[in-house]
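Structure record follows, encoded as structure tokens.
The values are calculated or read from the model by the stated rules, or taken from the named source; none is laboratory data. The model shown is predicted, which means the values in this text are computed figures rather than measured ones. For the accessible areas, the whole protein counts, side chains as well, though only heavy atoms, and no ligand, DNA or RNA atoms are used. Shrake-Rupley method; radii C 1.70, N 1.55, O 1.52, S 1.80 Å.
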Amino acid sequence: MKTNYKVTGMTCTACSATVEKVLNVNEFIESAAVNFATEKVNIIYDETKLSEADIEQIVSSAGYGLVTGSDGKKSENSADMESSDMKRRLVISILFTIPVLYLAMGPMIGIPLPFFLRGMDRVLLVAFTQLLFTTPVLIVNRAYFIKGFKTLWHRSPNMD
């Protein structure tokens, strides 16, 4: 059976190569070709020995998602939600990164620190303040780290 599915979570061509490699290793899949630009995968497989759920499991084991035919309408809404979520994460990241940039680089270009953060005896306080502002950025963008470590564990690192 020949099918065409949408793959979610790919951020680079290394991702598409990983999905293709994981699918082509399976003995019941005759061939799999991933198109990164369209986020689609064409799979020719033996439907008597492999189901859509099995293919979905194979792709998810590599750290990516698969949208099957029954989930087609959900994919349009999920793309809009993903876009708005990305904008939200960008705004939060910018808001918390600007103070870190100010604390780390301000004195180097002549912008003074607030009086309670000045001096060599308060270096630890400056570092702790930077940590406090950096933590929310790491938390809202944790998906990159989760996916990055997952692909590293599978020995197929990508841009994450």
So, in Å, what gap is there between the alpha-carbon centers of segment 81-160 and segment 1-59? 35 Å
Percent relative contact order for the chain, counting Cα pairs under 8 Å at least six residues apart, stands at 24 percent
Calculate, for the chain, the solvent-accessible area per residue in square angstrom, rolling a 1.4 angstrom probe over the heavy atoms of the protein chains. 67 Å²
Any aspartates and glutamates whose Cα falls less than 20 Å from that of Lys147, other than same-chain ones fewer than 8 residues away, would be Glu20, Glu39, Glu56, Glu82, Asp85, Asp160
Give me the percent of the accessible area of segment 15-160 that comes from carbon and sulfur atoms, probe 1.4 Å, all protein chains in place. 65 percent
Note the angle between two axes, namely the Cα long axis of helix 52-61 and the longest principal axis of the Cα atoms of the chain, as a number of degrees from 0 to 90, rounded to the nearest 10. 30 degrees
Per DSSP H run of at least 4 residues, take -39500 (n - 2.57); add these up for the chain, divide by its residues and hand me the 222 nm value, nearest 500 deg cm²/dmol. -18500 deg cm²/dmol
